[in-house]
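Single-structure report; data block below.
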Amino acid sequence: MGLEVKIKPRDLPDMRKACRLAADTLEMISEYIRPGITTDEINTIVHEYTTKHKARPAPLNYGATRHRKGFPKSVCTSVNEVVCHGIPGPYLLKDGDIINVDVTSVFPAKKGYYGDTSATFYVGTPSAIAIHVVEVCREALEIGIAQVRPGNRTGDIGFAIQRFVESKGCSIVREYTGHGIGRVFHGPPSITHYGVPGRGAILRPGMTFTIEPMINLIGPEIEHLDDEWTVVTRDGSLSAQFEHTITVTKTGCEVLTARERTLKNSEDRQYSKVFPLSCYMPK
Ligand code: MF3
Ligand code: CO
Ligand code: CO
């Protein structure tokens, strides 16, 4: 109630810049996704691109508490059964893998705005099951975005996503949600990727949040690895994720992390049946 993250009209240009940089970073890194690259190399390229643009990679040291170390790298790389928060390392991508790269940029680096976006990429030639889970997830995000307008509620977004994903035989991770975003990384409201129509926070112009469904091929259950960050599917089945940062406008929404071009190794595939709404830069 009124606690949600809002971006005032005068702050929107700065928020747009941060989000545009995150989108550009994802577009840039898509060109490097191929068999033989390590996730650490992806991390280095993202880190250097971010700092070169006078921004800060939000994941680095994120979430440090007395009991837990912060995230050790500048980007999340989640391969195959990894649901989210995969830590870049020596792993070599191989033909047939899928990988989600989740970029969060803070611009300007000090006291800036957060832009948060991710996509799942095909490494080499994908299997039929990989195409299924990735394309269902891609479409789920677009279906969620289509519900964002003043007067609708967060439950309308979640319901639309849930109905679609479950009709395709996939499952939705419940432990992680979209989130309010602006001068904070994670704020209210929570955007669940399941829900009941007409329930949840009412969407109002200026509200700014992410939608980021994590979709598993088989069961929804997750586990955490001993590194305290990596989230995996309990049954070991594939998981995909796509994420955009969105602001509610008077008439609908603006996808702040929309891309100017399609992503190599993801949206340029023949397998992508849906042409993403979010490829269009809103005017
Ligand atoms: N980018 C993630 C999100 O969408 C959060 C990553 S936190 C990290 O909310 F510490 F794992 F990087
Ligand atoms: Co997010
Ligand atoms: Co993210």
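The values are calculated or read from the model by the stated rules, or taken from the named source; none is laboratory data. Keep in mind that what you see is a predicted model, and the values were worked out from it rather than measured. Neighbour counts are summed over all protein chains in view; Cβ atoms, including those assigned to glycine, are modelled from backbone coordinates with ideal geometry. Note: areas computed on protein heavy atoms with side chains; ligands, DNA, RNA excluded. Shrake-Rupley method; radii C 1.70, N 1.55, O 1.52, S 1.80 Å.
Below are the figures for this structure:
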{"item": "Relative contact order (%) - the stretch 1-105, alpha-carbon pairs under 8 angstrom, separation at least six", "result": "29 percent"}
{"item": "Length gained when the stretch ILE202-ASP95 is fully extended (0.36 nm per residue, less Cα-Cα span)", "result": "34.1 nm"}
{"item": "With DNA, RNA and ligands ignored, accessible area of TYR91 (1.4 Å probe; Å², nearest 10)", "result": "90 Å²"}
{"item": "Alpha-carbon centroids, the stretch 207-279 and the stretch 114-173: separation in whole Å", "result": "6 Å"}
{"item": "Cα-based shape type of the stretch 94-190, given that a ≥ b ≥ c are square roots of the gyration tensor eigenvalues and the cut on a/c is 1.5", "result": "oblate"}
{"item": "Prolate/oblate/rounded call for the chain, Cα gyration tensor, a/c under 1.5 rounded", "result": "rounded"}
{"item": "Accessible surface, the chain, averaged per residue in Å² (probe 1.4 Å)", "result": "44 Å²"}
{"item": "Spatially close lysines, pair count over the stretch 9-272: Cα under 19 Å, gap of eight or more or interchain", "result": "12"}
{"item": "J(HN,Hα) series, the stretch 180-190, from Karplus relation 6.51 cos²θ - 1.76 cosθ + 1.60, nearest Hz, glycine and proline x", "result": "x, 8, x, 8, 10, 6, 10, x, x, x, 7"}
{"item": "Fraction of accessible area attributable to carbon and sulfur, the stretch 9-272 (%, probe 1.4 Å)", "result": "51 percent"}
{"item": "Relative contact order [Cα under 8 Å, 6+ residues apart], the stretch 188-239, whole percent", "result": "29 percent"}
{"item": "Most to least packed among 197-205, 136-144 [average Cβ atoms within 10 Å]", "result": "136-144, 197-205"}
{"item": "Relative contact order (%) - the chain, alpha-carbon pairs under 8 angstrom, separation at least six", "result": "23 percent"}
{"item": "Relative packing of peptides 161-172, 57-68 - highest average C-beta neighbours within 10 Å first", "result": "161-172, 57-68"}
